[in-house]
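The values are calculated or read from the model by the stated rules, or taken from the named source; none is laboratory data. In this text the structure is predicted, and so the values were computed from the model without any measurement. When we count neighbours, we look across all protein chains shown, and the Cβ atoms used for this are built from the backbone with ideal geometry, even at glycine. With ligands, DNA and RNA removed, areas are computed over all heavy atoms of the protein, side chains included. Shrake-Rupley method; radii C 1.70, N 1.55, O 1.52, S 1.80 Å.
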Amino acid sequence: MNIAFLASHRGSNMQSIIDACKSGLLAARPVVVISNNADSGALARAQAEGIPAHHLSSKSIADEDELDKCIADTLLQYETELVILAGYMKRIGVSTLAAFPARIINIHPCLLPKYGGQGMYGMRVHEAVIASGDKESGVTIHVVTGEYDKGAILAQRKVPVEEGDSAESLAKRVLAVEHTLYVETIANIVSGNIELPVAGS
Ligand code: GRF
């Protein structure tokens with residue numbers, strides 16, 4: 001399966017998936033990495049791995065619809081079959097959603113539907129979990145729709161919140177689980193053990 005990444009920052013989830021492809025754990029081929037951030041770790045990692053890397057953002061294409069179309073065209077140009085969001089901070093546009101109906105997935109660092117939606121990303125999620133007093137958090141992988149963190153849930157794994165945890169210590173524990181759960185879930189999609197929903201359902 002040809003997989004593509006959209007990533008804005010560090011790209012550690014992307015790297016764990018690339019590593020799984022390289023080791024043969026995952027029967028998938030990373031074909032392109034797109035980032036809205038020219039200085040992202042994700043683009044640097046793509047270059048280091050010899051994967052085509054594209055910086056596409058409002059800085060290079062000011063019109064929102066044109067940018068969306070360019071992202072969709074770029075993904076199509078590399079014959080992408082599954083789009084993987086890995087810390088991508090932008091909303092996916094209608095052209096990209098239409099080009100990959102129910103074929104875009106995202107990872108969120110808690111148990112959705114809690115602590116999701118616009119503005120809930122990165123450390124803000126972990127801070128909200130700690131402030132709530134919840135005894136567990138986790139990881140969610142879901143299909144991407146036009147709304148933040150709203151599509152069908154494909155996989156979830158719980159992670160305990162420990163006594164004295166800070167947002168940082170919780171984030172570290174959650175990230176380790178993200179790296180394994182994302183690879184496992186993509187492997188299940190590739191093998192057909194997880195069926196992606198029909199678009200619009
Ligand atoms: C992860 O915590 C992921 O759940 C969230 O953004 C973070 C990305 O980290 N969507 P990285 O760029 O993969 O290291």
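Numerical summary
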read-out	value
Candidate aspartates and glutamates for bridging to K172, where Cα separation is under 20 Å - those fewer than 8 sequence places away on the same chain excluded	D19, E127, D134, E136, E162, E163, E184
Local electrostatic count at A155 - Lys and Arg +1, Asp and Glu -1, tallied over other residues with Cβ under 15 Å	-2
Mean separation of Cα contacts under 8 Å (6+ apart) over length of the chain, as relative contact order %	20 percent
Nearest-ten-degree value, helix 123-132 long axis tilted from longest Cα axis of the chain	30 degrees
Linear extension gain, D73 paired with M123, 0.36 nm per residue minus alpha-carbon span	14.8 nm
Over the chain: helical MRE at 222 nm, DSSP H runs n ≥ 4 each giving -39500 (n - 2.57), nearest 500	-12000 deg cm²/dmol
Stretchable slack from E64 to N188, in nm (0.36 nm times residue separation minus alpha-carbon distance)	41.3 nm
Net charge over other residues, Cβ less than 12 angstrom from the Cβ of I18 (K, R count +1; D, E count -1)	+1
Solvent exposure, largest accessible area first (probe 1.4 Å, DNA, RNA and ligands not counted), of E195, E178, E66	E195, E66, E178
Nitroxide proxy distance, nm - points 7 Å out along Cα→Cβ at L196 and E49	1.8 nm
Too-long pairs where the Cα-Cα distance tops 18 Å, listed order kept, from K90/K150; K114/K158; K22/K158; K114/K150; K114/K135	K22/K158
